[in-house]
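*Asks:* One structure, as structure tokens, below. Some questions next.
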Amino acid sequence: MPSRDDVQRARGRVWGVFLALVLLVIGGLVDWYESRDVFTGARGPFPAAFAAGAPITPGQVIRRPGGEQTLVHGLSLRWTDSGMAAMNLRTGKEYWRYERRDSNDPAVWSFGVSERTVVARFTDGKLVAIDLRTGRLLWQAEIRAGDRHRSVELVDGQAVTEDPGAVRAFDERDGRSLWTAHTPDSCPEVFLHSVHALPGHLSAVHVMCNASGRGDRDEFGLLLGVDNHTGKVLWRQRTVDPEQTAWGDGHTLVAADPDRTQTVQSLDMNRQKISSRATLRRDGWDVVAAGSGTVLAGTDPKDGSGDHDTLLRAYDTRDGRSSWQLRAPTGQEYGFPKIADGRVYVVRQPFLTEGDTGRRIHGDLLALDADTGRLLHTLRLPSMTRPDDYDYFVKLDVVDIADGAVSIGWRDGEGGLLIATD
């Protein structure tokens, strides 16, 4: 017969094992909970868009959120520390939030938005798709991570992103791999700038090659015509830095000629080829916007530095002829404009210099007829403080136009953001 001490020792061992198991289970549950992605779900009904297309007579500024953002269907989309969030523009309240917890540093590099889906590219290489209406996860894919910025674009039902030496496309709703287009050997490092869907299953993919500055490879822009069913590259053309180009009318790209720096080309493209539709003499100005058959150039005739745009010149993308120009009043300048639905949206503001840090300024949002330059509407914007920044030509730029709203932000991306609607 075991003694009382033996029984107590045996019970102690059993209880010890039991407590250890309980602690292991609790620890596992905590780890599981802390690693779970966070979904808040949609709060309230899906908001309606303010209108279809660009606003005709914007008359109110409804919100001033901060951070990277895109407008779509009455929502403002922005990235958070480890995920994405959508804000209802009418109420100013968060509509849904998605946060990753399965990585030590799951920061968002970039995101793309359509009327149905949000796709975010994370620094660890993960591609995450979220339903716009519910905030729920749709799918995830693993892409090779890198040590530099990566991008993602949503175009025509496809989520397009880059990979070393290639551009890849996934179905935006189910994540199926659709195609891979390879860049030439001279472009092993690829940064995706933009994707445009054209008729005939053609995607115009604009990339920057070798932008990291490592090694001895040249840095250059490259435009690829890709069959968006198979990934076959139909044609390619070297361009200037994509940041110095502007897309207009879906199949037209306006860009400086990389071989003739004083010439700007209006390039037309289809499945068979890319060709020059018209040429314009640059005369020291930069392309700042294109659309609705118009290309806009911005310049300061007094110094031609490109730091300040006191004059906007409009040209016809079909023949390159000058159609109108708009000069800012003395002491005023223009931010970067956007063109949508036959109208130009641009902010006119005080001419800022380095000594204006901390100064409160007012700007005016102008709506112009893209064909004639005629002023259609003016909206006085709330005062904003000029950011404390070394970049002395910080401006108020039109960032986005969608669903009856115009968003306006500082060029440096650090200041607040205004959203104007009818």
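The values are calculated or read from the model by the stated rules, or taken from the named source; none is laboratory data. This one's a predicted model, so the numbers in the text were calculated from it and none came from an experiment. Note that we place each Cβ from the backbone using ideal geometry, even for glycine, and neighbour counts take in every protein chain shown. The protein model used for the area step is the full one, side chains on, heavy atoms only, and it has no ligands, DNA or RNA in it. Shrake-Rupley method; radii C 1.70, N 1.55, O 1.52, S 1.80 Å.
*Asks:* When residues of region 219-263 are filtered for being of a type outside the set (S, T, N, Q) and without any contact (Cβ under 8 Å) to a residue 24 or more places away in the chain, how many remain?
*Replies:* Restricting attention to region 219-263, the residues satisfying the condition of being of a type outside the set (S, T, N, Q) are 219-227, 229, 231-236, 238, 240-243, 246-251, 253-260.
Subsequent filtering for residues that are without any contact (Cβ under 8 Å) to a residue 24 or more places away in the chain retains 219, 238, 240, 257, 259-260.
Number satisfying all stated conditions: 6.
*Asks:* What residue, of A204, A256, A169, A181, is in contact with a strand residue (DSSP E or B) (Cβ under 8 Å, 6 or more places away or on another chain), of a type in the set (G, A, S) and at pLDDT below 85?
*Replies:* On the way: A204 fails: at pLDDT below 85; A169 fails: at pLDDT below 85; A181 fails: at pLDDT below 85.
After ruling out the rest, the residue left standing is A256.
One line per residue, one yes/no per condition, for (1) at pLDDT below 85; (2) among the polar types (S, T, N, Q); (3) touching a Leu at 6+ places or on another chain (Cβ under 6 Å):
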site	(1), (2), (3)
D341	no, no, no
P350	no, no, no
L366	no, no, no
L379	no, no, yes
G413	yes, no, no
G416	yes, no, no
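*Asks:* If a residue has to be out of contact with any Pro (no Cβ under 8 Å at 6 or more places or on another chain), open to solvent by less than 10 Å² (accessible area, probe 1.4 Å) and in a strand (DSSP E or B) to count, how many in region 334-346 make the cut? Don't jump to the end; show me each part of the working.
*Replies:* If we filter region 334-346 for residues that are out of contact with any Pro (no Cβ under 8 Å at 6 or more places or on another chain), which is where we start, we get 334-343.
Now drop any that are not open to solvent by less than 10 Å² (accessible area, probe 1.4 Å), which leaves 334-335, 337.
Checking which are in a strand (DSSP E or B) leaves us with 334.
Counting residues in region 334-346 that are out of contact with any Pro (no Cβ under 8 Å at 6 or more places or on another chain), open to solvent by less than 10 Å² (accessible area, probe 1.4 Å) and in a strand (DSSP E or B) gives 1.
Table: residues versus (1) out of contact with any Gly (no Cβ under 8 Å at 6 or more places or on another chain); (2) open to solvent by less than 30 Å² (accessible area, probe 1.4 Å); (3) at pLDDT below 85; (4) within 22 Å of D249 (Cα to Cα).
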{"position": "L296", "(1), (2), (3), (4)": "yes, yes, no, yes"}
{"position": "T299", "(1), (2), (3), (4)": "no, yes, yes, no"}
{"position": "Q325", "(1), (2), (3), (4)": "no, no, no, yes"}
{"position": "P329", "(1), (2), (3), (4)": "yes, no, no, no"}
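*Asks:* Right, another one. Within region 108-122, how many residues are under 16 Å from the mean Cα position of the chain (by Cα) and assigned to a loop (DSSP other than H, G, I, E, B)?
*Replies:* Step one: of region 108-122, the residues under 16 Å from the mean Cα position of the chain (by Cα) are 108-115, 117-122.
With the extra rule that they be assigned to a loop (DSSP other than H, G, I, E, B), the set shrinks to 114-115.
Summing the residues that are under 16 Å from the mean Cα position of the chain (by Cα) and assigned to a loop (DSSP other than H, G, I, E, B) in region 108-122 gives 2.
*Asks:* Are there any pairs, at least 6 apart or on different chains, whose C-beta atoms fall under 8 Å, with the first in region 170-189 and without any contact (Cβ under 8 Å) to a residue 60 or more places away in the chain and under 20 Å from R133 (Cβ atoms) and the second part of a loop (DSSP other than H, G, I, E, B) and open to solvent by less than 30 Å² (accessible area, probe 1.4 Å), and if so, which?
*Replies:* D171/G157; E172/S114; E172/G157; R173/G157
*Asks:* Something else: Could you check region 45-60 and list, in sequence order, the residues that are within 17 Å of L365 (Cα to Cα), in a loop (DSSP other than H, G, I, E, B) and open to solvent by 60 Å² or more (accessible area, probe 1.4 Å)?
*Replies:* I56, T57
*Asks:* Find the strands (runs of 3 or more DSSP E) located wholly in region 211-264 whose residues include 1 or more that are open to solvent by less than 10 Å² (accessible area, probe 1.4 Å), among the small types (G, A, S) and in contact with a Pro (Cβ under 9 Å, 6 or more places away or on another chain), and list them. Steps first, please.
*Replies:* Details: elements: 220-227, 233-239, 246-248, 252-256.
Where strands (runs of 3 or more DSSP E) fall fully within region 211-264 and carry at least 1 residues being open to solvent by less than 10 Å² (accessible area, probe 1.4 Å), among the small types (G, A, S) and in contact with a Pro (Cβ under 9 Å, 6 or more places away or on another chain), they are 220-227, 252-256.
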